[in-house]
Structure formats: C-alpha cells, structure tokens
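Enquirer: Following this message is one structure expressed as structure tokens.
The values are calculated or read from the model by the stated rules, or taken from the named source; none is laboratory data. Remember, it's a predicted structure, so these values are computed and weren't measured experimentally. Methodologically, a virtual Cβ is constructed for each residue, glycine included, from the backbone with ideal geometry; neighbour enumeration extends over all protein chains shown.
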Amino acid sequence: IAQQGTPLQAVIDGLMDLDFFKKQPPKSTGRELFGDAMVQKLIRASDSAEDLVATATAWTATSIADALDRFVTPRCKIDELVVSGGGAKNPELMAFLKEMLPCKVLSSNDFGMQSEAKEAVAFALLAHETLNGRYGNVSGVTGASRRVVLGSITPGHQPISI
C-alpha cells in the first residue's frame, strides 16, 4: 500500500518535532504517545489510505535515521545497519531506510536469523550470559551506571538440569 502512496512531508516534519524524538536515550514510549489520538491525527491529514500508509512508513524510517544521526553517528561510524523484526519484512520501509541512510541496510535474514526470531534469540543470549555469570548489559546503551549480570536463576523444588 505504501508504494502506491506519497509520503506527506509536512506531516512527517510535524511529527518529528515531538519532544520524544529530541530526548536522549535510553527512552521508551508506547500508546500513551503513539496511540489512538496519533492515529486520528494521521487520518485527518489525508483522504488517501495509500498516502497515510506511505507517510507512516516514511515517518518510521525518518525517526530511525534521525536517532542514528543524533545519538549514534557522533560516537561511531555505521557501516551496516541490520534490521530485524516485522520492519525487515516491509519492503517500502527497507527502501526508505536505504534511501535515507549512508550505510548498507540489511535484514537479519541475510545473516541466517529469521527477522521474527529476534526477540527469542535475544532472550536466549541474555539467559546464556546470566547462566555463565557474565554481564548482559552495555552501560553506554542502556544508561545503567555499571555492568551487571542480568536477571536471576531461581530453581523450583525439583530443579531440572540444563
């Protein structure tokens, strides 16, 4: 659908002016900011469903490019960006990212990890690190004051062996 529409740049510019995008990481948000009210605001911007989907898709790519430009590239150069999750399956999002970013944009599928397996693989990796008593956080990314072993292992009355 997004391929058949035209992103509404004025709408994207207005959305990118939200304070959330200017905040330093780590940060998180959800439906409290990007919920029904935001969807209604987008719907009022155009009668074309194709333009709305193209706008939302381009906005997603713009927010990623902006965050990388503000918070990552001042600290390090990015040669490749690996996209995973549902976004990696969205050809228009991937096209926007390739157009907006100065680095190579790849899917985790290109490395043999199915994009929808990202969360399961990440939690398995964190569990592995915890079981082996190794740090699982990166202070510079999470904002934590120090590196720590994440989580706890709490066996039941009859623990199984791993």
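Enquirer: Within the range 74-162, considering only helices (runs of 4 or more DSSP H) that don't extend past its boundaries, which have at least 2 residues that are of a type in the set (Val, Ile, Thr)? Before you say what the answer is, go through the steps one by one.
Expert: Working: elements: 91-100, 118-131, 139-142.
Ranges flagged: 118-131, 139-142.
Enquirer: Pairs under 9 Å by beta carbon, first residue in contact (Cβ under 8 Å) with a residue 12 or more places away in the chain in the range 12-28, partner among the aromatic types (Phe, Trp, Tyr), six or more apart or different chains?
Expert: Going by the 9 Å Cβ cut-off, the qualifying pairs are 12/59; 15/21; 15/59; 16/59; 20/34; 24/71; 25/71.
Enquirer: Another question, if that's okay. If you go through the range 134-147 one residue at a time, do you hit one that is modelled with pLDDT under 90, surrounded by fewer than 15 Cβ atoms within 10 Å (Cβ to Cβ) and under 26 Å from residue 54 (Cα atoms)?
Expert: So far as the range 134-147 goes, no, none of its residues is modelled with pLDDT under 90, surrounded by fewer than 15 Cβ atoms within 10 Å (Cβ to Cβ) and under 26 Å from residue 54 (Cα atoms).
Enquirer: Take the range 85-99 and flag every residue that is touching a strand residue (DSSP E or B) at 6+ places or on another chain (Cβ under 7 Å) and not basic (Lys, Arg). Lay out the reasoning, then the answer.
Expert: Residues of the range 85-99 that are touching a strand residue (DSSP E or B) at 6+ places or on another chain (Cβ under 7 Å), as a first pass: 88, 94, 97-98.
Selection gives 88, 94, 97.
Enquirer: May I pose another question? If we keep just the residues of the range 1-58 that are surrounded by 13 or more Cβ atoms within 10 Å (Cβ to Cβ) and hydroxyl-bearing (Ser, Thr, Tyr), which is nearest to the chain's Cα centre (by Cα)?
Expert: So, considering only residues that are surrounded by 13 or more Cβ atoms within 10 Å (Cβ to Cβ) and hydroxyl-bearing (Ser, Thr, Tyr), the one nearest to the chain's Cα centre (by Cα) is 57.
Enquirer: Additional query: Being within 10 Å of the chain's Cα centre (by Cα) and polar (S, T, N, Q) is the filter; apply it to the range 59-87 and report the residue that is surrounded by the most Cβ atoms within 10 Å (Cβ to Cβ).
Expert: Applying the filter and picking the extreme gives 84.
Enquirer: Then there's this: Select from the range 103-128 the residues that are acidic (Asp, Glu) and over 22 Å from residue 68 (Cα atoms) and list them in ascending order. Full working, then the answer.
Expert: Step one: list which residues in the range 103-128 are acidic (Asp, Glu), which gives 110, 116, 119.
Of everything in the range 103-128, just one residue is acidic (Asp, Glu) and over 22 Å from residue 68 (Cα atoms), namely 116.
Enquirer: Among the numbered criteria (1) among the charged types (D, E, K, R); (2) assigned to a loop (DSSP other than H, G, I, E, B); (3) farther than 19 Å from residue 5 by Cα, which single criterion is violated by residue 47?
Expert: (3)
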